[in-house]
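The structure appears right after this line, and notes come after that.
The values are calculated or read from the model by the stated rules, or taken from the named source; none is laboratory data. Here the structure is a predicted model, which means the values were calculated and not measured. Because the Cβ atoms are built from the backbone with ideal geometry, glycine has one as well, and the counts that use them run over all protein chains shown. Protein only, heavy atoms only, side chains kept; ligands, DNA and RNA dropped before computing areas. Shrake-Rupley method; radii C 1.70, N 1.55, O 1.52, S 1.80 Å.
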Amino acid sequence: MKKIVVFLSVICFFLLFSCQSVPQDNAFIEQNSVSENSVGYKKSEGKYDGKYDDWKYRGFGYDVPEWAEPALKKNAAGVKRCLDELNQKEIVLFVQEGRNLDQAEALIYEKAEAHGEELEHFLDFWVKKSRAKKYTVVMIFVKK
């Protein structure tokens, strides 16, 4: 019995004193979080609620970015108009539906590898259309 009490005391001691607070690095958090300035994401105004059931960053209160609509229609020129940083670059758009996000993304990466040119992943987005059972993923690649 004495061994059990000592054992439990040691475990409680480690549990209590092994948890220490670490100061947050606010610069890191700000750099790696979505903001209104990052690639067209803006706070949700609810204008896509009937068109799509879900989309990337919806849970954080962001709308579908302006560039996503032309990207879903495979309109590279429309995407470039929305994203100034792509104006001088040659881009390749891939749009793929899948049962889930992992399947759609895997199929896009296969297509990108088979494309035959060196591509660098620039940006991606996904939507689940209303009453659809599939997700649609859009990935923008920049030619190196």
Computed accessible area, Trp126, all protein chains, 1.4 angstrom probe, square angstrom:
40 Å²
With all protein chains present and a 1.4 Å probe, how do Lys133, Lys51 order by accessible area, largest first?
Lys133, Lys51
Using a Cα-Cα cut-off of under 18 Å, which lysines could be cross-linked to Lys2, ignoring same-chain neighbours fewer than 8 residues away?
none
Using a 1.4 angstrom probe on the protein heavy atoms only, line up Phe60, Phe7, Phe122 by accessible area, largest first.
Phe60, Phe7, Phe122
Determine ³J(HN,Hα), in whole Hz, for all residues of region 107-119 in sequence, where each value follows from phi through the Karplus function 6.51 cos²θ - 1.76 cosθ + 1.60 and θ = phi - 60°; x replaces Gly and Pro.
5, 5, 4, 5, 4, 5, 5, 7, 4, x, 10, 6, 10
Amide H neighbours of Trp67 at under 5 Å, excluding residues fewer than 5 places away on the same chain, with H built from the backbone geometry, are none
Simple spin-label model, 7 Å along Cα-to-Cβ: Asp102 to Phe7 in nm?
3.8 nm
Just by accessible area at a 1.4 angstrom probe, what is the order of Val95, Val6 from largest to smallest?
Val6, Val95
